[in-house]
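Notes for the one structure printed next.
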Amino acid sequence: MKTGRITAVILAALLFFGLCGCQSAQPQTRTVYAMDTVITLTAYGTNASAALDAAVQKLNEYDALLDVDSGDIGAVNDNAGEFVEVSGEVFDLLSECVEISRQTDGAFDVTIGKYVELWGFRSQTRVPSDKELAQTAPFVGWEKIELEDGKVKIPAGAEIDLGGIAKGYVAGKLKEVLAEYGVTSAILSLAAM
């Protein structure tokens, strides 16, 4: 009889500690608005909450840095026709963009900003006329990006838009932040709604 009670107490203790252990494995989630969309970050583990707080801070930094109207990219767009000094990270990212454009024969091109505006992707979408498309074409072309000693220059009238790469790039950087906190399992949803 005593053995049965001892076994029951041990099993109850194991169950209790098992449930307590599950509590620390509960997912932690942060939902924020950044990069023109609702972003949901979920992480698992004992450091998940602190990791997500750091990831949200990093996300907000990238949101400002890569924005087409402000930060480094905004400065390049506002000063088209001139060399603009950018952060090392933005310089490296734009260098990578040029290389991807080269590898894809221009199928990927971050100088599509004027087309994005023309089609109204940031406001009210519409189908532009053939004439409008032809008038915009001279402002587009990845091979026109000049990169030199931490500075970037695009032709006057051109505009960079990182919509084709920014969220994937930032997701990779957020993964690094989470890994620094020991997070080994996470879901990062940066998809446009």
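Just so it is clear, none of the values below were taken in a lab; they were calculated from the coordinates. Small disclaimer: the values here were computed from a predicted structure and weren't measured. All Cβ positions, even for glycine, are placed from backbone atoms using ideal geometry, and neighbour counts span all protein chains on display.
Count the lysine pairs in the stretch 76-193 whose Cα atoms lie under 15 Å apart, taking only pairs 8 or more positions apart in sequence or on different chains. Taking the stretch 76-193 as the scope, the lysine pair count is 4. The dipole here belongs to the chain: it is taken about the Cα centre, uses +1 on the Cβ of Lys and Arg and -1 on the Cβ of Asp and Glu, and is about 1520 debye.
Here the stretch 81-121 is scanned for amide nitrogen atoms under 19 Å from the site 7 Å beyond the Cα of residue 130 along Cα-to-Cβ, giving 119.
Stretched out straight at 0.36 nm per residue, the stretch from residue 70 to residue 40 would grow longer than its current Cα-Cα span by 8.5 nm. For the chain, the relative contact order is 29 percent, taking Cα pairs closer than 8 Å that sit 6 or more residues apart in sequence and dividing their mean separation by the residue count. Dividing the Cα radius of gyration of the chain by its Kirkwood radius returns 1.23 for Rg/Rh. Taking Cα atoms only, the orientation of helix 48-66 departs from the longest principal axis of the chain by about 0 degrees. Once the Cα atoms are used to define both axes, helix 88-103 deviates from the longest principal axis of the chain by about 70 degrees.
Shown for 102, 30: other C-beta atoms within 10 Å of each C-beta, ranked fewest to most, produce the order 102, 30.
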